[in-house]
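A.B. asks: Input: one structure, supplied below.
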Amino acid sequence: MARLVDVIEDMIKEMIDENNGIATINRSALAEQANCVPSQITYVLSTRFSSGQGYIVESRRGGGGQITVTRVEFMNKFSYLKEMIDAIGDAATQQQARNLLEGAVSAGAITKRDAIIIMSAVSDRALGLVETDTRSKVRANIMKNLLLALISE
């Protein structure tokens, strides 16, 4: 059985596909449709629809909880990977790394094989000897360097 966050993500992506790359979502209505609380919709939007994954999310105050999600088409691999490097920042959790890599594969900026290799290099298992409080910083540095190598190829 699929996890609820995956189901919500698929629902939003379907809405985006049906509306030529832009979907206006009512958080409460989608929560009711997905049989969850509105905060779960917010969680999915913040973790699965970031700029590094190729989306712009805009919420309107006083708009009844309406949120607009726009899929951004990047011009080329270089632009996407540069944006991804910027999105990583100084630190990245294992889940953030996975989400960014999945977005890059979906956008066609990297291959699935590249994503698997990078994820293997930055996983908690691979970084097990690194102190927990610095692991996210080390992960971010490794990811950025590997992505820079892909840009220069």
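The values are calculated or read from the model by the stated rules, or taken from the named source; none is laboratory data. The model shown is predicted, which means the values in this text are computed figures rather than measured ones. Here Cβ is always computed from backbone atoms with ideal geometry, including for glycine, and neighbour counts include all displayed protein chains.
A.B. asks: May I ask you to list the residues in segment 23-45 that are touching a Leu at 6+ places or on another chain (Cβ under 8 Å), of a type in the set (A, V, I, L, M, F, W, C), part of a helix (DSSP H, G or I) and surrounded by fewer than 20 Cβ atoms within 10 Å (Cβ to Cβ)?
C.D. replies: If the condition is that a residue be touching a Leu at 6+ places or on another chain (Cβ under 8 Å), of a type in the set (A, V, I, L, M, F, W, C), part of a helix (DSSP H, G or I) and surrounded by fewer than 20 Cβ atoms within 10 Å (Cβ to Cβ), then Ala34 is the only one that fits.
A.B. asks: Surrounded by 14 or more Cβ atoms within 10 Å (Cβ to Cβ) and touching a residue at least 60 places away in the same chain (Cβ under 8 Å): is that true of Lys82 in this structure? Talk me through it step by step, then tell me what you get.
C.D. replies: Details: surrounded by 14 or more Cβ atoms within 10 Å (Cβ to Cβ): yes; touching a residue at least 60 places away in the same chain (Cβ under 8 Å): yes.
Considered against the rule, which asks whether it is surrounded by 14 or more Cβ atoms within 10 Å (Cβ to Cβ) and touching a residue at least 60 places away in the same chain (Cβ under 8 Å), Lys82 comes out as yes.
A.B. asks: May I ask you to list the residues in segment 118-133 that are in a helix (DSSP H, G or I) and surrounded by fewer than 14 Cβ atoms within 10 Å (Cβ to Cβ)? I'd like the intermediate steps shown before the answer.
C.D. replies: Here is the first cut: in segment 118-133, the ones in a helix (DSSP H, G or I) are 118-122, 132-133.
Those that are in a helix (DSSP H, G or I) and surrounded by fewer than 14 Cβ atoms within 10 Å (Cβ to Cβ): Ser120, Thr132, Asp133.
A.B. asks: Restricting the first residue to segment 101-123 and requiring it to be within 19 Å of Gly54 (Cβ to Cβ), which pairs with a second residue that is surrounded by 14 or more Cβ atoms within 10 Å (Cβ to Cβ) and of a type in the set (S, T, N, Q) meet a Cβ separation below 7 Å and a spacing of at least six or different chains?
C.D. replies: If the second residue must be surrounded by 14 or more Cβ atoms within 10 Å (Cβ to Cβ) and of a type in the set (S, T, N, Q), the pairs left are Gly103/Gln53.
A.B. asks: What pairs come out if I take residues in segment 53-73 that are closer than 17 Å to Asn19 by Cβ and part of a loop (DSSP other than H, G, I, E, B) and pair them with residues that are aromatic (Phe, Trp, Tyr) and at pLDDT 80 or above whose C-beta lies under 7 Å away, six or more apart or interchain?
C.D. replies: What qualifies is Val72/Tyr55.
A.B. asks: Taking the criterion of being assigned to a helix (DSSP H, G or I), exposed (fewer than 12 other Cβ atoms within 10 Å of the Cβ), among the acidic types (Asp, Glu) and not assigned by TED's automatic domain parsing to the domain that holds Ala23, would at least one residue in segment 96-109 satisfy it?
C.D. replies: No: segment 96-109 contains no residue that is assigned to a helix (DSSP H, G or I), exposed (fewer than 12 other Cβ atoms within 10 Å of the Cβ), among the acidic types (Asp, Glu) and not assigned by TED's automatic domain parsing to the domain that holds Ala23.
A.B. asks: Quick check on Thr93: is it more than 16 Å from the chain's Cα centre (by Cα) and not assigned by TED's automatic domain parsing to the domain that holds Ile12? Reasoning before the result, please.
C.D. replies: Numbers: more than 16 Å from the chain's Cα centre (by Cα): no; not assigned by TED's automatic domain parsing to the domain that holds Ile12: yes.
Taking the combined requirement at face value, the residue does not satisfy it.
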